[in-house]
Each structure stands twice: as C-alpha cells, then as structure tokens.
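Colleague: Mind looking over this structure? Questions follow.
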C-alpha cells in the first residue's frame, strides 16, 4: 500500500461499538491507532486526529480469500486499483487474488510482478494465489517452492475442478512439501454439464442443470485426499447441504477449512426464472434447502468463513441469455450489507458470528489481520448498521457491474475502511469529522 | 541389508581390501558364476563380470536380450536352468522387488542380488561403505558421520540398501526429498526429512548421497516434480554446496544438471569414480564369501 498522506501516525476512533470476536470484546470503546497498529482500546482516549464514530460498529477488517481482480489480461473488467477500491468500499482490508488470469499466475515472475503492482496500486492488503498446475490444466505441477519464494500465499486451480484424484493427490503432497495451502474449487466436470442447479427451477425454465453431486463428489474426493496426505487445504464456495455435511464429518480428520459465499447464503435458484445472464454463477444458486443447510453450517462453525468469489465480468459477457452468459458475480461491495440484511436482521445469524466469519477466521487463514487485539495491524471496518441503501450500477466502484443485488434495498453499510492505520475509504467524511 | 551385522560388514570390507591389495589369489578358481540380468545394467554387470573373472571364476552371462529371458522364460525356470548347469553363484538383476528372494528358493547356488526393482541393491551399499571408509579414515571413522540421501527415495532400491548399511556402520542418516518422492508415511524409516541440499548441509551432512529421478519406475500419470529447474534448485548439488570436506556420492547413472551439476561430478569432493572403482573388489569379496564361506551373504 502506498502512504496517501503523512498524517497516518495516530488516529483515535471514539465511541464506536467495538465488536471483535477474536478478543470477545463487544462494547462502546475508543480505539487508538499508532504506527499502523492497534495501540490501545479503552475509554476516553484522545489523539491528534480523532474520528467520532457514535452509532457505528467497529470490526476487525474484513478479509476476502477469494477474488478475481482480472489482472493481468482483463483489465477492462477489473484492475488492482479498481478491485481494491471495490474491496475498500465493502470493508475488506485484505483480499486474495485468484490465478485464473491471462497469463495464468503459474510462474514465479508473474507472482513477483503482481506483488510489485499491488504495492503500487492496491488500497488494501492483497495476496496472490498461484496456480496449482501449469495453465490450470491439471497436468504439470507448478514450481510451488519457487512460487512461495516469490511471495505466493497459496495455490489453486480455482475456476476448474481437478479432474483426476491421482493428479490432485500428488499436487497435495507436493504443495505440503512446498508449505503452501491448497485452495480447492470442487467440481466434477463429468457431472457439471449444465449451467444452473439441476432442480425444479431449471426444469421449468428449460435450462440445462448441473446436479448438486457435481460439487459433492469433488468435495468428498478432496476431503479424502486431504485426510490421507495431511495437506493443508481450503475448500471454497461450498453451496450444498451435503458438501457442508461432508466438511463437518472430515473436520476432525483433515487439516481443512472451508468457506461459502454471500450469494449462496442469501439467494436461491428461483432467480433463474428471469432467464437473465446476470444470475449465472458457479457453483450455481441452489434451492432453499441447500441455502438453509449452508447457513446452518456457517452458523455452527462447520464452514469457517465467508468469501465473496468477487468475479467481475464485462457487460458483453453478462448481457446475454443465461445459458450463454459468463458465470460470476461481483462480491466485495455488497457482502456485508446483504448478509446483514438477510441473515443478521432476520435472526438467522448472530452479528458476532458474521464478523468472526468475515474478519477473524479469514484473517487467521491469510496470517494477518482479523483482530483488534493491541499490537495487531490496524485493519478495521466501520459500519453504519442502520443505513438503508439501494445497490445501483452507478454507485459501484468495480469496473464491472454484474451484481445480483442490483436494485435491492439493503440495510447496513460500510462507511469506513482502515488499512494499516490509514483511511482507505471515508464515505461520510462529515460524519467522521477527522481533525487534522 | 537389515539382516547384516556390523561385524559382517567389516568382514566383507576387509576381504575386499585383501582382494584390492592382491592378497587373495584366484579365490573363485574352478567356480562358475552366472550373471542373470533381467533388467539392463552397465556398471553393475561389468563390475560383477570383472570381479568374477579376476577372481578366477568361469562366467556365464545372460542378459535380457538374446537369451531365453527374451523368449519369455520365467525367472524360476532360468534359475533352475543355471542351477542345473552347475552354477556356484547366480548374480541376479530383476525389475521386481523380491526376485532374489524368490529365486534363492530354487537353487543351491549362492544367490547374489544385483538389484531388484525398487527393493534392494546390497552390493551397491557395500561398495559405498568401502569407498567411504577409504575416503575417511577407515570403517571405524564412519561412526557418527552424517549422510543425507537426497532425491527419489521412493523409487530407489539403492536407498533401501544404503539406509540400513550406513546405519549399521554407525552413521546418522537423513532424507531430503519432496513428499512426492517419499513414501506416504514419510517416517517409514524413522529418519529426519529435510527440504533441500542446503538444509542437509545445515543439518551437518558429511555425505550427500544423490539419487537419480527414476522416471521409468514412477507409477501413475501425474507428475511428481514441477520442473528440473525447481528440482535442481532444492535437491541438486551444486558447486556452492562443496564446503567443509563434504563428500558427494551417486550410485549412477548420473543426470548432470538435474541432481548434480556438471562441475561437481568429477570434482575432488565427488566419490563417484571411487564408488565405481570399489565395485570390483567388493563384488569379488561378496562372491568369495557367498560361494566359499556363507550362502547368500549379500542377498
């Protein structure tokens, strides 16, 4: 991150409702930030710069372990600058970039090049996932040790499932030797032959469906292999009840974590009756029973955290019949608001568990952030829980606008994002009243 | 090698010394040694043949091509045939682990294992100990020395013989390999597993025992290493590693630029020529003990 001003040395956030599940704190407090770190949490703190946060929540910064910033190759859809701006708007202080770019992030020089660009352009902390196989083709292993030396955080063939169990097992063994966790998109392509969930909505709409088993079979394979190899693994975007149950079963056997997405927690496949390309996503939106099972699994901690799978697409890739549209949704800017509106305000998920799932757990996974304990990096998110707003195309900071929430009224909004003690998002400057 | 005691090792190496110094004249005179190689070999076959001839034996040599083996004769029948011809010793190389053990049940001749699949290669381990003893200050001087076996341990019969042999000689042994080239249970030998040649030197290695990537023995269609560049960066020995009297060993054949850089192979730190040279004397000693003194000493 670049230092955008020279005044970042000290900041006191006053009277915020500080909610930090990592320390168990939930009270109105003042937080003093100094040298980019949380210096003090207490009452009646003062500093050269103060920020009044009455009525606002202060959380550890959100961390998104699954995002596509489309760089290199599709900078028309997203750049590191725009992706990180979009993340900051959503309250994310840390983001992991997926490697399915053009060129694919499968060589050490691509990783080091991206990290240099991140250093120059990103408003938030950004981490690079390298590919697990060269070209994401599931054949040749990438040079994982050299990739790690170049700065890669993890390896993944995200976007494509690994089609051979033998290939995946070998890759897991090698990744564990290289000391890199494997992030797994679980999808069996012999089953995933459709474009939406194979259910009633697909049948009525006349759109080819992919069964839930396409995800479940691959999830089971991944979990079995993670158990046998002991490789540190993370299963991303779990969207079915059975996959969540499988994760629950394997929790004590494998070094595995998992996430699900805001859209699988808040939307269902009835949206495909619109036949609009907007609603195509992979894994597909599922019926209510899956959504509810996944919600239960997030609540009880079976699924460790939320990741958005932020996937910008140009309008010419989305403004198409559903069958022809590219799969993927924007995620950063609506994640908290959608989950707050649909799960917290409806009583389905305690706010503290949501913050744990958006901040603490993914922060632990990336090894940075996710806590307001004194001495932690000053990565914080300020939220106005009562602000109502409508998601509209013009308000998005992403270069793309393929959000499934367009036109929706949501309650709760990120109003400030602080990374390493610096305000990278200050939506309501008047309310903050930062005193220089 | 697991069943061989420290004293037996010393006996073989002492006898090899006698052979090398010419104190043993034609110990195999009147004996017939049959070389049955069901798998291709250069140095081992040549070494055994020289060892047998120099010790005065008659030698029959069968290789995979141009013999009954090529015509589909089974291992057991070949061994029975050689036995019937009056072989005193059968030196067997075979692509499957356990071949020597199986064959020994069908002959009264001494059965010397010259390498079976990913199983064992005992005379390699013996000649390695001989070369090491000469390089250091004798067999006793090996006690407490540290050797790291680097590379494709999973597919290496050499490793399966060298590990117990080095341990019997009093050496400390560690492995250095990615998990794709190790058994799933990486603690199968209960040895430390290191992550690179650099880590091996940090561990205090006196000997870097380099192994070739045995691509021909790798099962499954998924690759086990990403690239020669990455493999060489972590599991290859380069000139910069040659410090503080570290010895480099390799059972051959060497792949220059993969597990060992070209300017190391013939460096003075390299015992590779010494290993090959030790082969003849050690194999003469093994054949002598096997035919004269003990049955199956080196199986």
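The values are calculated or read from the model by the stated rules, or taken from the named source; none is laboratory data. Note that the coordinates shown come from a computational prediction; the quantities given were computed from them, not determined experimentally. All Cβ positions, glycine included, derive from the backbone under ideal geometry; neighbour counts span all protein chains shown.
Colleague: Return yes when residue A:274 is closer than 24 Å to residue A:396 by Cβ and either in the same structural domain as residue A:184 (by TED's automatic domain parsing) or more than 18 Å from the chain's Cα centre (by Cα) (or both) and no when it is not. Spell out how you get there, then give the answer.
Modeller: Numbers: closer than 24 Å to residue A:396 by Cβ: yes; either in the same structural domain as residue A:184 (by TED's automatic domain parsing) or more than 18 Å from the chain's Cα centre (by Cα) (or both): yes.
So residue A:274 passes the test.
Colleague: Taking segment B:176-193 as the region of interest, how many residues are touching a helix residue (DSSP H, G or I) at 6+ places or on another chain (Cβ under 8 Å) and crowded, with 20+ Cβ neighbours inside 10 Å? Steps first, answer last, please.
Modeller: To start, the set of residues in segment B:176-193 that are touching a helix residue (DSSP H, G or I) at 6+ places or on another chain (Cβ under 8 Å) comprises B:176-180, B:184, B:186, B:189, B:191-192.
Next cut, crowded, with 20+ Cβ neighbours inside 10 Å only: B:176-180, B:189.
Within segment B:176-193, residues that are touching a helix residue (DSSP H, G or I) at 6+ places or on another chain (Cβ under 8 Å) and crowded, with 20+ Cβ neighbours inside 10 Å number 6.
Colleague: Going by what's in this entry, would residue B:170 be described as at pLDDT 95 or above, closer than 22 Å to residue B:123 by Cβ, within 14 Å of another protein chain (Cβ to nearest Cβ) and in contact with a helix residue (DSSP H, G or I) (Cβ under 8 Å, 6 or more places away or on another chain)? Quick ask: steps written out before the conclusion?
Modeller: On the way: at pLDDT 95 or above: yes; closer than 22 Å to residue B:123 by Cβ: yes; within 14 Å of another protein chain (Cβ to nearest Cβ): no; in contact with a helix residue (DSSP H, G or I) (Cβ under 8 Å, 6 or more places away or on another chain): yes.
Taking the combined requirement at face value, the residue does not satisfy it.
Colleague: Just name the residue that is surrounded by the fewest Cβ atoms within 10 Å (Cβ to Cβ) out of those in segment B:106-126 that are farther than 18 Å from residue B:212 by Cα and out of contact with any strand residue (DSSP E or B) (no Cβ under 9 Å at 6 or more places or on another chain).
Modeller: So the residue we want is B:108.
Colleague: Scan (1) touching a strand residue (DSSP E or B) at 6+ places or on another chain (Cβ under 9 Å); (2) free of Cβ contacts under 8 Å to residues at least 60 places away in the same chain; (3) not assigned by TED's automatic domain parsing to the domain that holds residue A:154 for the single condition residue A:394 breaks and write down its number.
Modeller: Unmet for residue A:394, out of (1) touching a strand residue (DSSP E or B) at 6+ places or on another chain (Cβ under 9 Å); (2) free of Cβ contacts under 8 Å to residues at least 60 places away in the same chain; (3) not assigned by TED's automatic domain parsing to the domain that holds residue A:154: (1).
Colleague: In the set A:349, A:382, which member is within 19 Å of the chain's Cα centre (by Cα) and closer than 17 Å to residue A:55 by Cα?
Modeller: Values: A:349 fails: closer than 17 Å to residue A:55 by Cα.
Every option except A:382 fails the conditions.
Colleague: Let me ask something else. Would you point out which residue out of A:221, A:227, A:190 is more than 22 Å from the chain's Cα centre (by Cα), within 29 Å of residue A:175 (Cβ to Cβ) and crowded, with 17+ Cβ neighbours inside 10 Å? Break it down stepwise before answering.
Modeller: Values: A:227 fails: crowded, with 17+ Cβ neighbours inside 10 Å; A:190 fails: crowded, with 17+ Cβ neighbours inside 10 Å.
After ruling out the rest, the residue left standing is A:221.
Colleague: Residues in segment B:220-254 that are more than 11 Å from every other protein chain (Cβ to nearest Cβ), under 22 Å from residue A:142 (Cα atoms) and part of a loop (DSSP other than H, G, I, E, B): how many?
Modeller: Looking only at that region, the number is 1.
Colleague: Residues that are within 14 Å of chain A (Cβ to nearest Cβ), at pLDDT below 95 and in a helix (DSSP H, G or I): does segment B:192-203 have at least one?
Modeller: Quick first cut of segment B:192-203, residues within 14 Å of chain A (Cβ to nearest Cβ) only: B:193-199.
The next check asks that each one be at pLDDT below 95; those that pass are none.
No, segment B:192-203 has no match at all.
Colleague: Take residue B:278 and tell me if it is at pLDDT 95 or above, within 14 Å of chain A (Cβ to nearest Cβ) and not in a strand (DSSP E or B).
Modeller: Spelling it out, it is not the case that residue B:278 is at pLDDT 95 or above, within 14 Å of chain A (Cβ to nearest Cβ) and not in a strand (DSSP E or B).
Colleague: Only helices (runs of 4 or more DSSP H) wholly contained in segment A:332-436 count here; list those with 3 or more residues that are surrounded by fewer than 22 Cβ atoms within 10 Å (Cβ to Cβ). Steps first, please.
Modeller: Values: elements: A:335-339, A:351-355, A:361-366, A:429-432.
Hits in segment A:332-436: A:351-355, A:429-432.
Colleague: Here is a further query. Looking for whichever is touching a strand residue (DSSP E or B) at 6+ places or on another chain (Cβ under 9 Å) and within 19 Å of residue A:144 (Cβ to Cβ) here; the options are B:157, B:224. Which one fits? Step through it out loud before you land on a result.
Modeller: Working: B:157 fails: within 19 Å of residue A:144 (Cβ to Cβ).
Sole residue among the options that is touching a strand residue (DSSP E or B) at 6+ places or on another chain (Cβ under 9 Å) and within 19 Å of residue A:144 (Cβ to Cβ): B:224.
Colleague: Being more than 21 Å from residue B:12 (Cβ to Cβ) and in contact with a strand residue (DSSP E or B) (Cβ under 6 Å, 6 or more places away or on another chain) is the filter here, so list the residues in segment B:136-148 that pass it.
Modeller: Step one: filter segment B:136-148 for residues more than 21 Å from residue B:12 (Cβ to Cβ), giving B:144, B:146, B:148.
Passing the criteria: B:146, B:148.
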